[in-house]
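These notes concern the structure reproduced below.
The values are calculated or read from the model by the stated rules, or taken from the named source; none is laboratory data. In this text, all values refer to a predicted model and were calculated from it rather than measured experimentally. Virtual Cβ from ideal backbone geometry, glycine too; neighbours counted across all protein chains shown. Note: areas computed on protein heavy atoms with side chains; ligands, DNA, RNA excluded. Shrake-Rupley method; radii C 1.70, N 1.55, O 1.52, S 1.80 Å.
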Amino acid sequence: MLRCDGFGTRGADQPLGPISFNRRDVGAQDVQIEILFCGVCHSDLHFARNEWKFTVYPAVPGHEIVGRVTKTGPGVSRFSVGDRVGVGCLVDSCRTCPACRQGLEQYCETGSIGTYGGTEPVIGGQTHGGYASHIVVDENFVLNIPDALELSAAAPLLCAGITLYSPLKHWQAGPGKKVGIIGLGGLGHMGVKLAHAMGAHTVLFTTSPGKVEDGKKLGADEVVISKNTEEMAQHRASFDLILDTVAATHDLSPYFALLRRDATLVQLGAPGEPLAIPVLPLIMNRLRFAGSMIGGIAETQEMLDFCAAKNIAAEVEVIAMQQINEAYERMLKSDVKYRFSIDMSSLTGVSTQNP
Ligand code: NAP
Ligand code: ZN
Ligand code: ZN
């Protein structure tokens, strides 16, 4: 077993603190990675605080992982010691169901294994995430980080990047399409960058007037303050696609009014409580309300290569592991520009307790 140092929590109302735990030893197909940076996703907070009602404690969040390969199993063919690699939200899936065979491992019909909160197949118990010194992952779920990408800014691509890239591709964002992104947080700022890079007319909806200039710098052609009904009305029935990244419950009806006939609103933000669906506008314009979860492994590599080619990465505020509780509180106040990225060297020398 590989002893790892990390940060985790022992209860929904407990702060995160040092935890040490075991991972499996490197198996034939496994890659052992020294984690260098880990992005802080709002899902980490939902999970740490049991807002989705399935958290088992102690829990170690983190699924925007980049680092260096330190060891490979004898059957590993794609990676060598020293390679710059990434791990996102998935560490395994059945690989044989129709979804897996189509490269849609995130929709595996028997259930993919999450980077945290999944069932660890070799040593039992649950999987632990990237707020840690090391991780051991099957090489088929490990991504190559292109040299052009700086590591701290590449980490958030592993969840925030792919979560926006996949629906933008699926719903064919590109030249001639008007695409809205709701919320300028971790996901939303990647949505603005990616939709712009794909050539779509990109409109940011924000509740924060202080983010208007940043939204434009990041690639939005227009920025709308979503609380301003007059600004919203100017965009009536004009959007082909709107991606909603809001992490809290909120009113969807103002956005349904902005979709043209047959257009789609895709829900990406995952608040713990249900959202009310305004049915009449949906019916009257043959609208579609959809969801989308991260992306498959091949598509995640495609996204990383796209970002490297287009010189795109996350805007990050690098923090020490010890600042994570404060970072969560700031995330709840929409006070992040625009993703926290944890420098894992800050873990060195942290005294750990056994879970
Ligand atoms: P985040 O960095 O906290 O950003 C969320 C943004 O939503 C905020 O910056 C804010 O933007 C806006 N917002 C927050 N509270 C709001 C409210 N009450 N009303 C309206 N707008 C509000 O979070 P994130 O990491 O991007 O994650 C967003 C959500 O996506 C989370 O629920 C997360 O669990 C989920 N998620 C889903 C997937 C998936 O596969 N579908 C993957 C990753 C994460 P403004 O200040 O601009 O208004
Ligand atoms: Zn995430
Ligand atoms: Zn499967």
**Complete:** Of the listed residues (135, 182, 162, 225), the one being buried (at least 24 other Cβ atoms within 10 Å of the Cβ) and out of contact with any strand residue (DSSP E or B) (no Cβ under 6 Å at 6 or more places or on another chain) is 162
**Request:** Count, please, the residues in the stretch 139-159 that happen to be of a type outside the set (Ser, Thr, Tyr) and crowded, with 20+ Cβ neighbours inside 10 Å.
**Result:** 12
**Failed criterion for residue 97 (all others in (1) open to solvent by less than 20 Å² (accessible area, probe 1.4 Å); (2) more than 20 Å from the chain's Cα centre (by Cα); (3) more than 8 Å from ligand 3 (Cβ to nearest atom) hold)** = (3)
**Asked** What number of residues within the stretch 83-116 are in contact with a His (Cβ under 9 Å, 6 or more places away or on another chain) and part of a loop (DSSP other than H, G, I, E, B)?
**Response** 4
**Message:** Just to be sure I understand the filter: pairs with C-beta atoms under 8 Å, separated by 6 or more residues or on different chains, first member in the stretch 25-40 and hydrophobic (A, V, I, L, M, F, W, C), second member within 16 Å of ligand 3 (Cβ to nearest atom) and open to solvent by 10 Å² or more (accessible area, probe 1.4 Å). Which pairs pass?
**Reply:** 31/138
**Request:** Among what's in the stretch 187-216 and is under 15 Å from residue 267 (Cα atoms) and assigned to a helix (DSSP H, G or I), pick the residue that is most open to solvent (accessible area, probe 1.4 Å).
**Result:** 187
**Asked** Here is a list of conditions, (1) buried (at least 24 other Cβ atoms within 10 Å of the Cβ); (2) under 23 Å from residue 287 (Cα atoms); (3) of a type in the set (Lys, Arg), and residue 236 meets all of them except one; can you say which number that is?
**Response** (1)
**Fill in**
Checked the stretch 45-68 for anything more than 14 Å from ligand 2 (Cβ to nearest atom) and more than 22 Å from residue 318 (Cβ to Cβ); matches are 49, 50, 53, 54, 55, 56, 57, 58, 59
**Fill in**
Within the stretch 107-128, restricting to residues that are more than 10 Å from ligand 3 (Cβ to nearest atom) and polar (S, T, N, Q), the one that is surrounded by the most Cβ atoms within 10 Å (Cβ to Cβ) is 115
**Asked** What are the residues in the stretch 38-81 that are within 16 Å of ligand 1 (Cβ to nearest atom), closer than 25 Å to residue 147 by Cβ and open to solvent by 10 Å² or more (accessible area, probe 1.4 Å), if any?
**Response** 63
**Asked** Restricting attention to the stretch 241-250, and to residues there that are surrounded by fewer than 20 Cβ atoms within 10 Å (Cβ to Cβ) and not hydroxyl-bearing (Ser, Thr, Tyr), which single residue is nearest to the chain's Cα centre (by Cα)?
**Response** 248
